[in-house]
Each structure stands twice: as structure tokens, then as C-alpha cells.
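The structure appears below as C-alpha cells.
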Amino acid sequence: MACKLQGALTSCHSRTTKFKYQKERAAIVMPKAVVTPHTFKTKLPELNLTYVPPPPTPSLDKKALETVHEKDLPTNTSGKFGRFGGKFVPETLVACLSQLEAEFKNALSDHAFQAELAEALRDYAGRETPLYHAKRLSEYYKSRNNGKGPDIYLKREDLNHGGSHKMNNALAQTMIAKRMGCKTVVTSTGSGHHGLATAAACAKLGLECTVFMAAKDIDRQYSNVRLMKLLGAEVEAVDGGFRDAASEAFRCWVGDLEKKYHLTGSAVGPHPCPSMVREFQSVIGKETRMQALEKWGGKPDVLVASVGTGANALGLFHEFIGDGDVRLIGVEGGGLGLESGRHSSTLAKGEVGVYHGAISYLLQDDDGQVIHPHSIAAGMEYPGVGPELSFLKESGRAEFCVATDEEALDAYEKLCKLEGIFPSLEAAHALGTLDKLVPTLCDGTKVVVNCSGSGDKDAAIVFNRRFLDKQ
Ligand SMILES: Cc1ncc(COP(=O)(O)O)c(C=O)c1O
């Protein structure tokens, strides 16, 4: 099917009457400074080099790994990842996005910005987050296979202030909003984790915050909504789902480009939004590499993360894209099953199209209309996925699979009972693939699962489904 121009950001513009364009924004000169990604200094202890990595798993696509090396990865300076990404927006918005890109690059090469961000991540968010050896979960799987199986570790993003990985990006981007002189931050949220992180970061920096959220998500994630309001944010209810809340946030931003900053928490949207989110989330993978070295003197063999739009998956994967011996596995929301049509499995069932300003995989019908996705996890319910993940799928560098609602519920309960940890239902999708993945892995394989968020927000949903519905 030909590439469909469905719901590009242009549609947001057409409903706006107040649009203003600042000429000087277009005149911003792009900095020539070399972008040096921020590195976190952790003192490494003596390395234990006795760890011998297990042989590659039989299902590993060796051909794909041989052909994809870091040098082959497309540059993201143009916002294109292979044929994905780009900036499909009205001409007048291009200047604003260019200014945003310039500010982003300036911030990356500005030591003062990096120092302030590092301090905020450490003292406010509570980084670094632990790489936790889930011993009882590992034992559970080993006990089903004569005591053999992988060692499972959790990257505890749920322990960040605000309860998720979303804080990493929200802190950095609110700092950029302030540098740009914007007084109000607008955003959208599905699970409420990104809304909560943004509301908190705005309170910290003295910025106003408006969060757009689907009415049905306000209902099912109310504990996060309550906190957003207590933190001083305005929460605007939107008909439809997370995708409609995202469109509404774009419209609000386009209505007042001078004063408002659109803070995306998803790895989607026009360039530079996906690259910014990926960059600010990449701390997850950088820490994981150092923590793996400290703990077993090697790299992880397999990384697993849930895929809503790709923020937490890219955050974990990006550091390891050039390490062909590390498997990258993304898990999409399988909802009621792929054949039911009621799922959020964009990479499994989507086709290439344009949505929210970029080319990517997208769930759409034969007429190019975007299909309403479904997932028990509000944060997985987006009909698209980020361009970088789309590229990683197409190049074969990353593998993707799905976990259904029921599998996520099972994983939530399992982690509660075996480890005393309650994962968000989004993170429970990553854990929900372990039943199928673990039997294919060799003894001693080091698996890191991104526990992207805390599941207190989902306790009522799981409790009702697992206890009340069965009475
Ligand atoms: C805790 C958590 N994990 C995962 C996701 C999925 O989004 P993404 O794929 O962009 O990380 C969300 C989205 O809201 C979330 O709140």
C-alpha cells in the first residue's frame, strides 16, 4: 500500500486561528559545536572478568546482525532513520522546529546545561536507578527447566521520582523550555506518567503546565491525574484516546508558538522530537552498560522493553545498537489478540504512513484511516510508533513481539508475588513475554528487562480483573 498522508500535523494547524510566526525564530543559526552526549561518571570497581557470555541463542538473526553495524545506521541529524521520520508539518512550523533543534543541540554541548541536568537527575529524580537481579523470578523459570535458565535483571525505572522513565526526558525538556523563554508547557499523556513527570518538572522550574488526556484515561489512571492537579497542572479532558490527546496538545501549541513549549514524552512526532526523547532517555542504557560491567563484568545478552511509542525501549536499546551480540526485543500491546483487531501492535500489524508529523509504521484501515488501538495499559494505546524503532525493525537489528492484556496481567501478578515489585501495566508487557522467551535462552544468559514504571496507578485495574471479576 502506498505511503498514506494520514493525520499529518497539518491537520492540527487547520483548526487554529491564532497562529503566530516569529521571523527571528527562522534566523537562528545552527551551532557548529560537536555534540558530545552527556556521560555519567560512575566509579567502576575491579572488574570480574570470569563471566563467560553464553553462545548466541538459536533464534538470533545472525545475518541481520552482521549487516547492521553502527556505521551503517543512518544519521539522525536530518531526523530521518532510513525512510522513516522527517518533518511533515506546515512550512511555518518548520522554523519553530528548527529553533527547537538548535536549542537542543546547544544544550547538548553546553556544560552548564549538562551539569544542571546531571544534578537534577541525581538529586531530584533519584538516579542512577538500580539494575536489580530478580532472583526469585529467575529461579521460577529455572525450576521449570532442571535448574537451568537465564538470569533476569530489572532496570528499575519505576524507582525514579514520579514512578517512571518519563522523568528523565521531562526534566531535560522543561529546562530547554525555560532556556527558550517559554512560560507554559503543553503536553499529552496516556498512562499519566509523562503528565505527572512534566507537571512535577514544571513545578520545580516555575512553569505553567497543561496536560491533555483522554477522558477514558483520566478515569483509569486517576491516581496520576490527582497528583498532576496537586502539582499545579491543568488537566484537559479530550474525547477519544491518547492519540487524540496528542493531537489536541499539538493544536494548543500551534495556537501560541511564542509562549508555549510542546513537551513530547513519546518518541514520535516531527524531528527533532523523537531524537530529543531518545537522547534524554538514553541514560537508561548508559547506566545499564556500566552496571552490567560492575555486576558480571560483561554486557547484557538480551534487552527487553515494552513499546508504546518507543521512548523507554530506545532509552535502553540505543547504547547497545552497535553491539551486534546484544539482542534487542521490543514488546507491543497485543490487547485481546492480534486476530481480534483490538490491539496496539503497530509494528506487527501496521503499514507505513504519516502521522503526527513523521513517517512511521501506523495502524490504519484500507482507506488510510487511523485505527483506534486497544490495550489494557493506557500508555501502550497509540496507533503509531517512533521512526527510529520502525527503522530498527526494518533493518532487522531489533526484534519485536506482542504480549496480550492477559499476559500483562499475569506478569503484573507474578512480579508482585515473586519479587514484591508492582510494575506498571506498560512494563508488565515486557515482563509478559518472558514465558515464551525464557525457554529459548541458554543457561546463564543475562537478560535485562526495562521496568519502565511503577504499577500503583494500575492496582485497581488488576485487582478488579483478578479478584472482583472472578467472584
Ligand atoms: C511506565 C510506562 N512504560 C512504557 C510506556 C510506553 O511508552 P514508551 O514506549 O514511549 O516508553 C509508558 C507510556 O505512557 C509508560 O508510562
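Every number in this text was worked out from the coordinates using simple rules, so none of it is lab data. All figures in this text were calculated on a predicted structure; none of them were measured in a lab. Because the Cβ atoms are built from the backbone with ideal geometry, glycine has one as well, and the counts that use them run over all protein chains shown.
Please list the non-local residues whose amide H lies under 5 Å from the amide H of VAL307, H modeled 1.01 Å from N, same-chain partners needing a gap of 5 or more. For VAL307, whose amide H was placed from the backbone, the distant partners under 5 Å are VAL331, GLU332, GLY333.
Under a point spin-label approximation (7 Å from Cα along Cα-to-Cβ), what is the LYS148-LEU230 distance to one decimal in nm? Computed distance between label sites LYS148 and LEU230 equals 5.1 nm.
For ARG289 and CYS442, the difference between the fully extended length at 0.36 nm per residue and the C-alpha to C-alpha distance is 53.0 nm.
For LYS148, a cut-off of 18 angstrom between C-alpha atoms picks up these aspartates and glutamates, skipping any fewer than 8 places away in its own chain: GLU139, ASP301, ASP435, ASP443. Net length available on complete extension from LYS183 to GLU139 is 10.7 nm, with 0.36 nm assigned per residue and the Cα-Cα distance removed.
Label separation (LYS216 vs VAL94): 3.8 nm, computed from points 7 Å beyond Cα along the C-beta direction.
Per-peptide packing, taken as the mean over residues of other Cβ atoms within 10 Å, places 83-94, 257-268 in the sequence 257-268, 83-94 from highest down. Placing R0 at 60 angstrom, the Cβ-Cβ distance between CYS416 and GLU258 gives a FRET efficiency of 0.80 after rounding to 0.05.
Less than 5 angstrom separates the built amide H of SER452 from those of ALA427, all sequence-distant by 5 or more or on a different chain. Taking 7 Å steps out from each Cα toward its Cβ at ASP366 and LEU205 produces label points 4.8 nm apart.
Rounded to the nearest whole Hz, the Karplus-based 3J(HN,Hα) values (6.51 cos²θ - 1.76 cosθ + 1.60, θ = phi - 60°) of the range 319-328 follow the sequence 4, 10, 4, x, 8, x, 8, 9, 6, 10, with x at glycine and proline.
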